[in-house]
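Since the structure comes first, as structure tokens, the remarks are kept for the end.
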Amino acid sequence: MTVILDPIFYVLAIPAVIALGLSKGGFAGVGQMATPLLALVMPPLEAAAIMLPIMIVQDANAVWVYRKDWSKRIAAIVIPGAVVGVALAGWLAAYVSDDAVRIFIGVTTIAFVAYSFISMMQVPREAKKPGVVAGVIWGALSGFTSTICQAGGPPYQMYVLRLRMPKMTYVGTTAMVFASMNWMKVVPYFALGQFSTKGIGTSLALLPLAIAANLLGFWLVRVTPQALFYKITLVIMLLISIELTREGVVGIWGGH
């Protein structure tokens, strides 16, 4: 089985895989820089297809570690929406502009982060209950953007961060939702012809590094204080959203 030999690819792939491992270990959001990094040297869907087998293995680890710390209700609300979003993305992938999706999700998430930081400065409010309609909508948007440009985290977090779950429940629920979502994406990626022997071989070559980063993430998330954890998550979301927006604007502007 062949692998990608371009050294520039690995200069970008190594930090991408480390970030993905930390994300699957519990630092939700960090891994969303993985596909944008690889997309600098290859089409975004091809980059996403190389990352997908790695994510599925990491998901299995995360599901096992957090199997007792997750909300069945929230997963049951979000996952059906994700099914719709993944299916729609698979159908529209050949026609929808990645750059337009990046701009939309980037601007929306920047607004949410700003709102969250303003809320931190105000008197704390009670956690909201998980609304069904909102969860299905955000789940669909998460499934759609995850399939198109591996940016499924911000829409999901737009929904769950308002619920103020305990840290480990938040991490465990996130692991369950995205493990399900990543398996869903196998079907449209196959249909779109994104898997290749070279891509799978490259995924396997990067897997040991991915698992090591995954284990590091498990440890870091358990020793990080809850308040700091959420602030780190918001900062990561902001940085990723700014980068997504910048990529989208540059891509659309460059196309004219």
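The values are calculated or read from the model by the stated rules, or taken from the named source; none is laboratory data. Remember, predicted model here, so these are calculated numbers, not experimental data. With ideal geometry, Cβ positions are generated from the backbone for all residues, glycine too; neighbour counts draw on all protein chains shown. Ligands, DNA and RNA are excluded from the accessible area calculation, which covers all protein heavy atoms including side chains. Shrake-Rupley method; radii C 1.70, N 1.55, O 1.52, S 1.80 Å.
Side notes on the structure shown:
- The chain: calculated mean residue ellipticity at 222 nm from DSSP helix runs of at least 4, using -39500 (n - 2.57): -26500 deg cm²/dmol
- Rounded to the nearest 10 degrees, the angle from helix 44-65 to the longest Cα principal axis of the chain is 50 degrees.
- Largest to smallest accessible area among Met55, Met33 [probe 1.4 Å]: Met33, Met55
- Accessible heavy-atom area order of Ser196, Ser203, highest first, probe of 1.4 Å: Ser196, Ser203
- Look at the Cα gyration tensor of the range 14-112: its axes a ≥ b ≥ c give a/c of at least 1.5 with a/b at or below b/c, and that counts as oblate.
- Accessible area of the chain divided out per residue, in Å², using a probe of 1.4 angstrom: 46
- When the Cα gyration tensor is reduced to axis lengths a ≥ b ≥ c, the ratio a/c is 1.5 or higher for the range 44-194, and with a/b not above b/c it is classed as oblate.
- Apportionment of accessible area to carbon and sulfur, the chain, percent (1.4 Å): 73
- Accessible-area ranking of Leu234, Leu204, Leu141, largest first, probe 1.4 Å: Leu204, Leu141, Leu234
- Between the beta carbons of Leu239 and Ala191, assuming R0 = 25 Å, the FRET efficiency works out to 0.15 to the nearest 0.05.
- Prolate/oblate/rounded call for the range 140-235, Cα gyration tensor, a/c under 1.5 rounded: oblate
- Dipole magnitude of the chain about its Cα centre (Cβ charges: Lys, Arg +1; Asp, Glu -1), debye to nearest 20: 1000
- Degrees, to the nearest 10: 132-149 long Cα axis against longest axis of the chain: 20
- With both labels modelled 7 Å from their Cα along Cα-to-Cβ, the Trp91 to Val57 distance reads 3.4 nm.
- Low-density loop positions, trypsin sites (Lys or Arg not before Pro), the range 11-85 - DSSP coil, at most 14 other Cβ in 10 Å: Arg67, Lys68
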